[in-house]
Amino acid sequence: MNRITGVIGALLRRRAAGIAVMLLIFSLVVGLIQPRFLTPDTLRIVMLAIPLIMVAAMGQMMVLVSRHVDLSMGSMLGFTAIVAGMVFRDFPDVPWWVGFIVAISTGAVLGLFNGLVVTIFKLPSIIVTLGTLSLFRGVLFLISDARQVDPQFIPSALIQMSQTSPVFGIPGIVLIAFGVAFLTYLFLDHTRLGRQIYAIGSNPAAAPLRGIRVVPVTLLVFTLSGALSGLAGIMYASRFGYVNPSITGVGFEFTVIAAVVIGGASINGGVGTVLGTVLGVILLGTVSVALPILAVSAFWQDAIFGAVIVIALLIDRSVRERGARSVVAGHRP
C-alpha cells in the first residue's frame, strides 16, 4: 500500500500531472453532456487539430527554455507555406517531398535571422520577433502578390498525408508531430547541446563560465524554431489543401505559446518538458473540438478557451506546490 501511495505521490509531483488531470476531467464532463464526444470519430478530429501546434510548440518550448520567446511563428508558418505552395504551383512536376525541404529550409533561414538580430544587437527577443512577425507577413504578401495557392496546385500525395498512412490508417501528419516530439525529447534530455539550452535559460550569466558558447546555442534554438515552423507550414498545406496569405498562421503563435506555458514551461527560462508540452497541446486541441460539439456560441468560445487555460495553470501550480511541500516535509528530521 505504501508503495502504491509513493507511486501516486511521485506522479502528482510531476509538472505534467496537473494538465493530465485537467484533460481527463474536461473530457469526462463533455462526454457526459454530449456522449458523441467520446467516440473514435471525435478522437480523430482532435488528433487532426493538434499536429501543427505540436510541431511548432516543440520549437517554442526550446526558445522559452533558453529564456527567449518567438512571436513570429505564425508569420513564419504562413511564409513557408506560401513559398512551398508557389513552388508546387509554378513547377507542377516537382515531387511532393520537395515541399518539405523548401518549407523547412526557408523556416530555418527566417529563424536564423531572428537569432542573429537578437544576438548581434543584444535586443530582447520579444521585441525582435514582434517586429519580424509583421516583417515576414509583409514580405509574404509581396512575394505572393496577395494571391492564394488554390487546392488544385497542392499535390494529392501531400493532402493524403492528412487523411491516412500505412500505420493503422493514422494520418501521416499526426505521426510526424509525435515523431518530432520524441526527437525533441531525445535532443533536450540526452544530448550535451540540449542540457546547455537548459543551463543558458537557468542562469545566462553563469553559462559562459561553464564553457557554454551562448551565442551559437541561441542561434541554434532560433533556427530550430524557424525550421519547425516551416514544417508546420507544409503540414498546413497538407491539412487544409490551400494556402491563403491573409489567414494562414494569423494568431498561431499565441496558441502555441499558450500550449507550451500550460505544459509547464516557464517564461523565465530553464524549465520545460516535452511531455508537459504535448499534454498542453492535446488539452487545447480537445477544447477547440469540444466547444462546437457542445453548440457553444462562437462569441463565448474564446472566453471559455481562455478560462480553460487559466484553470489548467492554476491546477498545475497547485499540484507543483503540493509536491514541493511534500518534498520539504519528507526531509524534516
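For this structure, a couple of remarks:
- A single entry from ILE234, ILE262 fulfils the requirement of being in contact (Cβ under 8 Å) with a residue 24 or more places away in the chain, closer than 20 Å to LEU283 by Cα, among the β-branched types (Val, Ile, Thr) and surrounded by 24 or more Cβ atoms within 10 Å (Cβ to Cβ): ILE262.
- Looking only at segment 161-200, residues that are closer than 19 Å to ALA56 by Cβ and assigned to a helix (DSSP H, G or I) come to 19 in all.
- Residue list for segment 152-171, filter: surrounded by fewer than 14 Cβ atoms within 10 Å (Cβ to Cβ) and under 14 Å from ALA84 (Cβ atoms): ALA157
- Condition check for SER229: under 19 Å from the mean Cα position of the chain (by Cα), outside any helix (DSSP H, G or I) and buried (at least 19 other Cβ atoms within 10 Å of the Cβ): no
- Among residues of segment 193-205 being among the aliphatic types (A, V, I, L, M) and at pLDDT 95 or above, the one that is nearest to the chain's Cα centre (by Cα) is ILE197.
- Any pair with Cβ under 8 angstrom, 6 or more apart, that starts in segment 37-60 at a residue that is within 13 Å of LEU77 (Cα to Cα) and in contact (Cβ under 8 Å) with a residue 40 or more places away in the chain and ends at one that is surrounded by fewer than 24 Cβ atoms within 10 Å (Cβ to Cβ) and polar (S, T, N, Q): ILE53/THR255
- Check on LEU112, in contact (Cβ under 8 Å) with a residue 60 or more places away in the chain and touching a helix residue (DSSP H, G or I) at 6+ places or on another chain (Cβ under 9 Å): yes
- Selection count where residues are of a type outside the set (Gly, Ala, Ser), under 28 Å from ILE19 (Cβ atoms) and part of a loop (DSSP other than H, G, I, E, B), scope segment 232-262: 1
- Qualifying residue in segment 202-212 (condition: touching a residue at least 40 places away in the same chain (Cβ under 8 Å), small (Gly, Ala, Ser) and within 30 Å of GLN152 (Cα to Cα)): no
- Conditions (1) touching a helix residue (DSSP H, G or I) at 6+ places or on another chain (Cβ under 7 Å); (2) surrounded by fewer than 24 Cβ atoms within 10 Å (Cβ to Cβ); (3) farther than 27 Å from VAL289 by Cβ; number of the one not met by ASP90: (1)
- Of the residues making up segment 38-81, just one is basic (Lys, Arg) and under 26 Å from VAL217 (Cα atoms), namely ARG67.
- Against the criterion of being free of Cβ contacts under 8 Å to residues at least 60 places away in the same chain and not in a helix (DSSP H, G or I), LEU123 qualifies.
The values are calculated or read from the model by the stated rules, or taken from the named source; none is laboratory data. Nothing here was measured: the structure is a model prediction, and the numbers come from that model. Please note: Cβ atoms are built from the backbone with ideal geometry, for glycine as well, and neighbour counts cover all protein chains shown.
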